[in-house]
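Report on one structure; see the data block that follows.
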Amino acid sequence: MADNAESNQASVERRTRIRSTRIETAEALSYDPRQPRLGRRESEPHSEEITYLYDVLRANFPESRAMWDLHHYFLVGSEVVDIQFDISFFKNFKIEYSLSSYRAAKFNNRVPDMVINFLSKSTWHLDVGIHVDYCRLLKIPLYIVFSPFYIGKPIYKPPFLRAYILQSSGDYRIHDLQKIALKQGATVANREAVLDVSELVPFNVGIMALNTRHEGDLPRYRLVLVNVKNYEIYLTRAEQEKARAEQEKARAEQEKARADQLQRQLEALQRKLRIKDKEHNI
């Protein structure tokens with residue numbers, strides 16, 4: 001079945017033009033196009049936040065598939081559309097091998113359950129424009145755009161997260177989140193500042209204020225995934241290992257303190273017995 005779907009996809013691509021949405025209504029490039037760039041990433045915060053979120057998804061939801069910085073090819077009408085998402089998440093969906101790109105026709109035209117784009121100076125207009133329209137046409141349940149730092153557009157000044165939530169009518173309901181759920185170093189989010197999207201994905205989302213700044217004076221923010229039950233944020237694999245090491249250290253210290261206390265109690269009892277022996281001998 002997958003071979004037939006791939007053959008059909010190839011046939012369609014021969015009859016139609018593949019359109020990349022990244023070039024539509026694009027502004028003048030703010031970087032040297034002769035220099036290599038990794039996907040959509042234009043800054044350290046952009047790259048770091050993609051990496052962070054990808055790691056969180058892979059570490060905590062192994063039965064699902066997360067992708068980062070890949071071209072996604074979908075059939076929209078008679079046209080194959082190429083959309084590059086910073087993050088895409090397929091719930092309860094496993095592919096046992098790595099991909100160069102995601103071609104929906106090879107996977108029964110499966111669309112992601114959630115896609116995320118981090119706003120940047122050269123792609124923000126696409127992320128809140130034509131990408132929204134394509135996501136709606138493809139019926140992607142949840143599309144999120146997020147500002148990791150201020151990109152110069154007041155309407156998207158952080159803290160800013162926008163979620164496009166698909167309705168039964170086929171339209172998107174827009175929900176803007178502009179509250180900080182927690183600061184870096186904390187692990188439990190303020191439930192009043194968390195956006196509930198748990199009907200679509202196995203977590204909620206919130207905004208963390210980071211301790212670092214961009215370009216000297218711009219505050220930085222992080223999109224975090226929040227546990228539906230206890231409002232703890234999901235950790236990266238490295239953060240989980242660090243937390244386990246700290247728990248083991250704390251447990252070892254407790255065991256040592258307990259052993260030291262028992263030793264002191266034993267020594268005190270021995271002293272009492274020696275005193276009684278002396279009194280008995282007298």
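The values are calculated or read from the model by the stated rules, or taken from the named source; none is laboratory data. Note that the structure is a prediction, hence the values are computed from the model and not measured. Cβ sites come from the backbone with ideal geometry, for glycine too, and all protein chains shown count toward neighbours.
Please pick out the residue among Lys179, Lys278 that is at pLDDT 80 or above, of a type outside the set (A, V, I, L, M) and more than 17 Å from Tyr52 (Cβ to Cβ).
Details: Lys278 fails: at pLDDT 80 or above.
After ruling out the rest, the residue left standing is Lys179.
Checking Asp86 against (1) surrounded by 19 or more Cβ atoms within 10 Å (Cβ to Cβ); (2) part of a helix (DSSP H, G or I); (3) not small (Gly, Ala, Ser): exactly one of these is not met. Which one?
Result: Asp86 fails condition (2) only.
Could you list all residues from the range 225-238 that are surrounded by 12 or more Cβ atoms within 10 Å (Cβ to Cβ) and without any contact (Cβ under 8 Å) to a residue 60 or more places away in the chain?
So in the range 225-238, the residues surrounded by 12 or more Cβ atoms within 10 Å (Cβ to Cβ) come out as 225-228, 231-237.
If the condition is that a residue be surrounded by 12 or more Cβ atoms within 10 Å (Cβ to Cβ) and without any contact (Cβ under 8 Å) to a residue 60 or more places away in the chain, then Val226, Asn227, Val228, Tyr231, Glu232, Ile233 are the ones that fit.
Out of all the residues in the range 106-128, is one or more of a type outside the set (S, T, N, Q), surrounded by fewer than 22 Cβ atoms within 10 Å (Cβ to Cβ), over 20 Å from the mean Cα position of the chain (by Cα) and part of a strand (DSSP E or B)?
no
Filter the range 151-167 for residues that are modelled with pLDDT under 95 and crowded, with 16+ Cβ neighbours inside 10 Å and give the result.
Ile151
A quick yes/no check of all residues on (1) under 18 Å from the mean Cα position of the chain (by Cα); (2) crowded, with 17+ Cβ neighbours inside 10 Å; (3) farther than 15 Å from Phe149 by Cα:
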| position | (1), (2), (3) |
| --- | --- |
| Ser169 | no, no, yes |
| Asp176 | yes, no, yes |
| Ala189 | yes, yes, yes |
| Ser198 | yes, no, yes |
| Phe203 | yes, yes, yes |
| Ile207 | yes, yes, no |
| Leu210 | yes, yes, no |
| Leu218 | no, no, no |
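Do the conditions hold for Glu246, that is, is it part of a helix (DSSP H, G or I), within 20 Å of the chain's Cα centre (by Cα) and free of Cβ contacts under 8 Å to residues at least 24 places away in the same chain?
On the way: part of a helix (DSSP H, G or I): yes; within 20 Å of the chain's Cα centre (by Cα): no; free of Cβ contacts under 8 Å to residues at least 24 places away in the same chain: yes.
Answer is no for this residue.
Within the bounds of the range 183-194, is there any residue that is part of a strand (DSSP E or B), assigned by TED's automatic domain parsing to the domain that holds Ala66 and not hydrophobic (A, V, I, L, M, F, W, C)?
Kept after step one, since they are part of a strand (DSSP E or B), are these residues of the range 183-194: 183-184, 186, 188.
Right, trim to assigned by TED's automatic domain parsing to the domain that holds Ala66 and you get 183-184, 186, 188.
Remaining after also requiring not hydrophobic (A, V, I, L, M, F, W, C): 183-184.
Looking for residues that are part of a strand (DSSP E or B), assigned by TED's automatic domain parsing to the domain that holds Ala66 and not hydrophobic (A, V, I, L, M, F, W, C), one finds at least one in the range 183-194, hence yes.
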